[in-house]
Amino acid sequence: MNSVSPNTVSFVAGVMQEEPVESRRQQALEWQNSHGFRPHPNPSTSREAAEEPDEMDKLKAKLMSAWNSVKYGWTVKTKTSFNKTSPIIVLGHTYLLNSEDEVERFRLDFVSRIWLTYRREFPQLEGSTWTTDCGWGCMLRSGQMLLAQGLLLHLMPRDWTWPDAHQLTDVDFEIFRPRSPALRNSQKKRPESSRDRLAEPTHQRLVTWFGDQPPAPFGVHQLVDIGKGSGKKAGDWYGPSVVAHILRKAVAKTSVGQSLAVYVAQDCTVYKEDVLQLCDPSLSQRAADPSSQTWKSVIILVPVRLGGEALNPSYIECVKNILRLDCCIGIIGGKPKHSLYFIGFQDEQLLYLDPHYCQPVVDVTQANFSLESFHCSSPKKMPFNRMDPSCTVGFYAKTKKDFESLCSVVGMALSSSKEKYPIFTFVDGRGQDYGLEAHSSNHFGPPPHILPPENRGRGNIRQSSEEFVFL
């Protein structure tokens, strides 16, 4: 199992205090330099001045923040029903909820997923007046959850579950119903695993990487900063394709990137040789350190569009088969302008984690901070036909053998589509062999286009960052 030094996630003390922008920036740079993170180039002073929000922008941001804090600061308690005759799939795991033991296994699996939501009252995002991402950061939060799942597979023991997972709430399993609280409370729990308990420090460190403080490598401050390279800023809507590239750049900047790479597919195509060169430095003539490890684990992100204005029903069976795979780390997408993180399904309904709940910021620099708000106890479902067609699918492969297996099993899952052309494809060779200027690991790249194989390499007209072309 790959590991990360505890020092990697040590944060600068006092980051939660209100400080001048320059002080916070210098503090972040010092923290990054001392822990192996490569800082962004500093923009010019004139550019910073030009981006400084005026009084009207500040007023609008405050009003929007106040409204969104109210809008997303509470939820309507509705029960989610699960039947006992149909299996429920959660990222390669299958549960038939017809017994207490199966319900317990499902509980541990679901609650152990890292849940990242809107937060309020975090340090001001640089170049703006935003101290919350309520109302606009849902796709960033969904992307964080996708990356967090990949990191769990990368760093934690296989089939790890959170020993302190709380009980499920707002669910109806349609099975036996204890007649009294005494009977209900007497339900047996799975014996705690000493292996899972020993992994808790790594779990805690992993969550700190997503903290809402400027130095956190995968926190909203860093992701928004990286997003500026694609013309995005705090308060903008981020699509699933742009978020995929933001995550790739965020991982590449950190020490985690020494053992893990992120590949973003281009034109709905995974070029195998590009992945191999990304994961095996010895294959590249530019390898700086010949003594470096021979293989990096890889997260593969594939931005796709599963229809025009609405989801094409022909793709539903294919999406189900992808979610059945152990190597799948989920799908980010959702309803229009309403991002969700999909982790499974039952019958014709998707199972998801919802970032649209505004919680107070947690100071992850404090020792033994509470993990409760980073795990969800209320599973939610929605019909497949309400899913927005624009999404990004994620996969993880720890070893080269795992990557080869991934190509095989995902290829079989893709072949289940009733459409003439699959959702995406795996192709031998490199992107440049097909007329692409550079493979997707080097830039934000254009939006995906679904093209038949014979048309690849002819060039095509690029549209806006979240539009897609179907042939």
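The values are calculated or read from the model by the stated rules, or taken from the named source; none is laboratory data. Given the structure is predicted, the values throughout are model-derived calculations rather than measurements. Using ideal geometry, Cβ is built from the backbone for each residue, glycine included, and neighbour counts are taken over all protein chains shown. Surface areas here come from the heavy atoms of the whole protein model, side chains and all, with no ligands, DNA or RNA. Shrake-Rupley method; radii C 1.70, N 1.55, O 1.52, S 1.80 Å.
Within segment 130-146, one or more residues are open to solvent by 30 Å² or more (accessible area, probe 1.4 Å), farther than 19 Å from LEU301 by Cα and not polar (S, T, N, Q). Number of residues in segment 235-252 that are buried (at least 20 other Cβ atoms within 10 Å of the Cβ), in a helix (DSSP H, G or I) and not β-branched (Val, Ile, Thr): the value is 8. Considered as a group, the residues in segment 190-234 that are among the polar types (S, T, N, Q), part of a helix (DSSP H, G or I) and open to solvent by less than 20 Å² (accessible area, probe 1.4 Å) include one that is farthest from ALA367 (Cα to Cα), and that residue is GLN222. Whenever a residue of segment 130-159 is under 14 Å from TRP237 (Cβ atoms) and touching a residue at least 24 places away in the same chain (Cβ under 8 Å), its partners that are surrounded by 21 or more Cβ atoms within 10 Å (Cβ to Cβ) and acidic (Asp, Glu), lying with C-beta atoms within less than 7 angstrom and at least six residues away or across chains, give the pairs LEU140/ASP133. Among residues that are assigned to a strand (DSSP E or B), open to solvent by less than 20 Å² (accessible area, probe 1.4 Å) and modelled with pLDDT under 95, GLY333 is included.
Candidates GLU309, GLU348, GLU317: the one that is surrounded by fewer than 17 Cβ atoms within 10 Å (Cβ to Cβ), touching a Pro at 6+ places or on another chain (Cβ under 8 Å), over 21 Å from LEU152 (Cβ atoms) and touching a residue at least 40 places away in the same chain (Cβ under 8 Å) is GLU309. Taking into account only those residues within segment 380-432 that are under 17 Å from ASP280 (Cβ atoms) and part of a loop (DSSP other than H, G, I, E, B), which is most open to solvent (accessible area, probe 1.4 Å)? Only one residue tops the list, namely ASP428.
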